[in-house]
Structure formats: C-alpha cells, structure tokens
Amino acid sequence: MYLAHTKWQFGEVGRARQLIDEAVVRTVESAHVPSQGNTYVFKALLETVRGSAHCVAHDAEILVQIGQEHGLALIRALGGALFRMGACSTREF
C-alpha cells in the first residue's frame, strides 16, 4: 500500500494502481479488519486524486460496510465522507 503511494508520487500511476489492487487482495485474504479499512481508505484517496468518482463510491461503500459490521466508527465515518466527496465530484448530491 505504501509503495503504491510512493510510485504515485513519482508519477508511476499505472504501477501505483496495480500495487494498491494487489494490496486489497492481500488484505482481504488476511481477514485483518483494521488493515482492510486502512487499505480501502488509501485506495479511495488515490481514486479521488485520479478523478474516478465511481471507484471512490465503490470503495467508500465497502468502508461503510466494514465500519458498521465491526464497530469501527472512524472507518465508517471516513467511508461516508469519501462517498460524499465522490458524489460531489460528479454533482450527484
């Protein structure tokens, strides 16, 4: 996940996207809920910068679900905020 951020900063957007997608697969397989929340927050933020409102909304919905299912208020709140950011960027609010 952090390598994806570094690659993004160096302009390697395609590689960054590949790395974050790999991180999502690994974190889901691990079943470690806090890591899942952290990874999806990071992915949604990258999608926000990329301007992909649909991907932001998808990741945000997953965050809200994780937060609700596991009592993680911060993850749920971040998911809600990211969802609204995605909606605003497409003027679907």
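Among the residues here, R76 qualifies as of a type outside the set (F, W, Y) and over 27 Å from K7 (Cα atoms).
Considering only the range 1-80, give the helices (runs of 4 or more DSSP H) lying wholly within it that have at least 2 residues that are in contact with a Lys or Arg (Cβ under 7 Å, 6 or more places away or on another chain). So that I can check it myself, show each step before the final result.
Values: elements: 2-9, 13-30, 33-50, 53-70.
The qualifying helices (runs of 4 or more DSSP H) are 13-30, 53-70.
Any idea which of G71, G67, G80 is at positive phi and modelled with pLDDT of 90 or more?
None of the other options fit; the residue is G71.
Quick one: is G37 farther than 24 Å from A16 by Cβ and surrounded by 17 or more Cβ atoms within 10 Å (Cβ to Cβ)? In short, no.
Screening the candidates E29, E69, E22 for the property of being closer than 21 Å to L3 by Cα, loosely packed, with under 13 Cβ neighbours inside 10 Å and either free of Cβ contacts under 8 Å to residues at least 12 places away in the same chain or more than 12 Å from the chain's Cα centre (by Cα) (or both) yields one hit, E29.
The values are calculated or read from the model by the stated rules, or taken from the named source; none is laboratory data. None of these values were measured; they are calculated from a predicted model. Don't worry about glycine lacking a Cβ; one is built from the backbone with ideal geometry, like all the others, and counts go over all protein chains shown.
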